[in-house]
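Have a look at the structure below before the remarks.
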Amino acid sequence: MIANYHTHTWRCNHAEGTEEEYILAAMERGLEILGFSDHTPYPFPQPYVSTFRMKMDQFDDYVETIQGLKEKYAGKIEIHLGLETEYYPKYFLQLLEKLRDSPLEYLILGQHYIGNEVGDPYSGAVTEESEILRRYCHQAMDAMNTGLFSYFAHPDLIRFVGNPKIYRQYMTELCREAKSCGIPLEINLLGLRQDRWYPNPEFWEIAGEAGCQAVLGVDAHAPWHLTEPYSEIAANEIAERSHLELLRTVPLRSI
Ligand SMILES: [Zn+2]
Ligand SMILES: [Zn+2]
């Protein structure tokens, strides 16, 4: 791979290393493009605290740090400033207002919760309820239709263990929407590294049938994730088996 747009920083409370260590690791891997897309801050109402993302008041430091490194490494590796963002309809416009004052270059969609997170279910919780699956898919489709997301990270995060026919029906709908919106779907290397329930082969078969584009995302939460080669091999096998068009780079959509 020559580009990775899915990289976290220590600000999300579950990643380690300095930003510069990630950049050096990316260069060691031979990447030409490295995008930082840490978990977005979100303007939730008090007293709710989301523990897996940066705080709103850490955003300026995030921007300054990445912009500084972009200059420092200019000509050596292309650095981009992004965020991994859920689409939470209740708070999304308020978030955009904040982000639009910044030099942010892109958003990737990572729909970690259904609804608006506060009091709503985690997308990766085991469920056999088709209503949860339907809500996840329709929310992701609404997100893609905003035209603001450059790609969809781990679209198969939902852990549905109910009727496979229903899974196929909703995921076909989601994949067709991704295709018509021109949104690439990410084969998530973290899921492969940690042997998680995603990438889900069933999902990728459906995505292939729908003619979707795919992209590899390291989802780096530590610098060494950028140099570990095995998950890329496994991800390429998924892409090949499912006849997916694999993009080496992704055009970034500005917000
Ligand atoms: Zn994370
Ligand atoms: Zn991520």
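The values are calculated or read from the model by the stated rules, or taken from the named source; none is laboratory data. Quantities reported herein were computed from a predicted structural model and do not represent experimental measurements. Glycine also receives a Cβ, built like all others from the backbone with ideal geometry; neighbour counts cover every protein chain displayed. These area figures cover heavy atoms from the full protein model, side chains too; ligands, DNA and RNA do not enter into them. Shrake-Rupley method; radii C 1.70, N 1.55, O 1.52, S 1.80 Å.
Quick look at the values:
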quantity	calculated
Fraction of accessible area attributable to carbon and sulfur, the chain (%, probe 1.4 Å)	49
Percent breakdown of C-alpha pair distances by 10 Å bin, ordered from the shortest bin, for segment 134-184	25, 58, 16, 1
Kirkwood estimate for segment 14-58, i.e. one over the average of 1/r between Cα atoms, Å	12.7
Isotropically averaged projected area of segment 1-159, using the convex hull of Cα atoms (one quarter of hull area), nm²	9.7
Residue (of 216, 250, 238) at the positive-pole extreme of segment 211-255, dipole from beta-carbon charges	250
222 nm mean residue ellipticity, helices alone, for the chain (DSSP H n ≥ 4; -39,500 (n - 2.57); rounded to 500)	-11000 deg cm²/dmol
Protection proxy ranking, peptides 203-215, 24-36, 54-66, average beta carbon neighbours within 10 Å, highest first	203-215, 24-36, 54-66
Percent antiparallel among DSSP beta bridges (both partners in the chain, rounded to 5)	5
About the Cα centre, charge dipole magnitude for segment 71-126 (Lys/Arg +1, Asp/Glu -1 at Cβ), debye	80
151, 230, 170, reordered so the largest accessible area comes first (probe 1.4 Å)	230, 170, 151
GluC sites (Glu not before Pro) restricted to DSSP loop in segment 81-175 with at most 16 other C-beta within 10 Å	128, 129
Diffusion constant of segment 9-89 at 37 °C, which comes from Stokes-Einstein with the Kirkwood Cα-pair radius and 0.692 mPa s, µm²/s	241
At 1.306 mPa s and 10 °C, Stokes D of segment 111-255 from Kirkwood alpha-carbon radius, µm² per second	103
Per-peptide average of other Cβ atoms within 10 Å, ordering 190-197, 46-53 highest first	190-197, 46-53
Size of electric dipole in the chain: Cβ of Lys, Arg +1 and of Asp, Glu -1, about Cα centre, debye, nearest 20	420
Lys pairs under 23 Å by Cα in the chain, provided they are eight or more residues apart or on distinct chains	6
Rounded accessible area per residue of the chain, 1.4 Å, Å²	43
Unit charges on C-beta of K, R, D, E only; dipole of segment 148-255, Debye	240
